[in-house]
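Here the structure is laid out as structure tokens; the discussion comes afterwards.
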Amino acid sequence: MEKKEKTFEEKLMELESIIKELENGNVDLDNAIKKYTQAMSIAKECSKKLDEASKAVNKILSENGKLEEFNTEE
């Protein structure tokens, strides 16, 4: 069975859950390290997705059908 990739929003909710758990302070050290590592991995994935979205938004379709950088100074 193929595992479906989580959406950006699902990853953010998971990250928030991990942060709350760590802030609670009721996590043993070994588990805290695992949770922290997992949180950093999710944060990196979310950052990459935001970067990709930002690049896509900064492109517009020009009259000749090619994607070009959006320039507000024109």
Farthest positive-ward along segment 1-52 dipole, Cα basis, beta-carbon charges - from 12, 40, 22: 40
Per its Cα gyration tensor (rounded if a/c is under 1.5, else prolate when a/b beats b/c, else oblate), segment 1-53 is best filed as prolate
Please turn the phi angles of segment 30-42 into ³J(HN,Hα) values with the Karplus equation 6.51 cos²θ - 1.76 cosθ + 1.60 (θ = phi - 60°), one per residue in order, whole Hz, x for glycine and proline. 4, 5, 4, 5, 4, 5, 4, 4, 4, 4, 5, 5, 5
Segment residue 28-residue 47, length gained on full extension (0.36 nm per residue, minus Cα span): 4.1 nm
Excluding ligands and nucleic acids, what accessible area in Å² is computed for residue 49 using a 1.4 Å probe, to the nearest 10? 110
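The values are calculated or read from the model by the stated rules, or taken from the named source; none is laboratory data. This is a predicted model, so every value here is computed, not measured. Positions of Cβ are generated from backbone atoms using ideal geometry, with glycine treated the same way; all protein chains shown enter the neighbour counts. Only protein heavy atoms, including side chains, enter the accessible area calculation; ligands, DNA and RNA are left aside. Shrake-Rupley method; radii C 1.70, N 1.55, O 1.52, S 1.80 Å.
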